[in-house]
1. Could you list, in sequence order, the residues of the range 178-198 that are of a type in the set (D, E, K, R) and either surrounded by 13 or more Cβ atoms within 10 Å (Cβ to Cβ) or part of a strand (DSSP E or B) (or both)?
2. Give just the number: which of (1) among the small types (Gly, Ala, Ser); (2) under 30 Å from THR57 (Cβ atoms); (3) touching a strand residue (DSSP E or B) at 6+ places or on another chain (Cβ under 8 Å) does GLY105 not satisfy?
3. May I ask you to say which residue of GLU67, GLU8 is surrounded by 12 or more Cβ atoms within 10 Å (Cβ to Cβ), acidic (Asp, Glu) and modelled with pLDDT under 65?
4. Among residues belonging to the range 124-139 that are assigned to a helix (DSSP H, G or I) and either at pLDDT 80 or above or out of contact with any helix residue (DSSP H, G or I) (no Cβ under 9 Å at 6 or more places or on another chain) (or both), point out the one that is surrounded by the fewest Cβ atoms within 10 Å (Cβ to Cβ).
5. Regarding TYR109, is this residue buried (at least 18 other Cβ atoms within 10 Å of the Cβ) and touching a His at 6+ places or on another chain (Cβ under 7 Å)?
6. Can you pull out every residue in the range 78-109 that is among the charged types (D, E, K, R), at pLDDT 90 or above and closer than 13 Å to LYS186 by Cβ?
Amino acid sequence: MHLPQDPEKIFEKAFVEDVAVFVANGNFGKDAELAQPIEPLYAIQAYISSGIKYPQTNGEFEKETPEATYEVITQVLPKLYMNTRKTLTSVSKSCHKFKEEALDGLLFYPKIISSYCENALDALESKESGLVQQLKVLTDTKYDKVTPGEEDNDFNDAKELAIFSLGEMQIQAEKHKQSISDLKQKVTEFKAETDSNRGMAKDLDATYSQKVLVEGNSYESVLDFVGGQLKGMEEKLNTANERYEEAYDQEVSVINNSSPSWLTRFSTPPGSREGSYPVHILEERTV
């Protein structure tokens, strides 16, 4: 029973060399780093961090942005509020879902690979129960001429232990394979959702950027119209405030220039110092 080459070299290639493409410098363990550019992962993380800031439900959106705020513009673009709500809540739902279910797995998937490889190497290299040690026994040339089934206890023990070790490794391999498969499925779904949301966002941006005619006035875009509305409201508020201040000043002037009969009775008597009456007396009389 001969392997084509030394067992240690076979496993070294399978669990170290071949896997090194996934992690930097083949550095397995909890500090494993991706051996590929991580900018795309950072971009995904940034997108999700922004997306989850939007409302997830229609109710949350309507609470933050009441439909009444779109009252004027929806006369020209009836679906603008609905499409805005639909797009932003869709982005938020997708980002929240991926963040909760798969983001950590995507960012740290090298650990899935490295942990399996570390465990596999431990199982292979253990001096007493390692698979490499058992394979050395099983491939010993002294068994080449032995009739199958008549091998000694060393051979049978090594065979039994090797089968057990391979079985455990297979179980772990299937477990990690399923983890990777689940992660791949979630990433695929997230990409499809993101593509769909990107399409809606582009359409929404085009709507907000288009020229509009509202109540006979032309605006370069919806945002320009909104800005004009805000400016108009600010001007009206300033005008109202100015009128209030003018009216207030006029009222104060009238009061100051008037001399009610009750006030003349408290005018400064002959020989008295002007303004010598206590202020509280006048205050009581003016109430």
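The values are calculated or read from the model by the stated rules, or taken from the named source; none is laboratory data. Quick caveat, the model's predicted, so the values are computed rather than measured. When we count neighbours, we look across all protein chains shown, and the Cβ atoms used for this are built from the backbone with ideal geometry, even at glycine.
1. Correct list: ASP182, LYS184, LYS186, GLU189, GLU193.
2. Failed condition: (3).
3. Working: GLU67 fails: modelled with pLDDT under 65.
Of GLU67, GLU8, the one residue that is surrounded by 12 or more Cβ atoms within 10 Å (Cβ to Cβ), acidic (Asp, Glu) and modelled with pLDDT under 65 is GLU8.
4. Residue satisfying both the conditions and the ranking: LYS136.
5. Values: buried (at least 18 other Cβ atoms within 10 Å of the Cβ): yes; touching a His at 6+ places or on another chain (Cβ under 7 Å): no.
When the stated conditions are applied, TYR109 does not pass them.
6. Hits for the range 78-109 are LYS97, LYS99, GLU100, GLU101.
Every residue, every condition in (1) outside any loop (DSSP other than H, G, I, E, B); (2) closer than 30 Å to LYS53 by Cα; (3) in contact with a Gly (Cβ under 6 Å, 6 or more places away or on another chain), yes or no:
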| position | (1), (2), (3) |
| --- | --- |
| ASP104 | yes, yes, no |
| LYS111 | yes, yes, no |
| ASP122 | yes, no, no |
| LYS145 | no, no, no |
| PHE164 | yes, no, no |
| GLN170 | yes, no, no |
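So that you can scan it fast, the table gives a plain yes or no per residue for (1) exposed (fewer than 12 other Cβ atoms within 10 Å of the Cβ); (2) within 32 Å of the chain's Cα centre (by Cα):
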| position | (1), (2) |
| --- | --- |
| TYR143 | no, no |
| ASP154 | no, no |
| MET200 | no, yes |
| ASP205 | yes, yes |
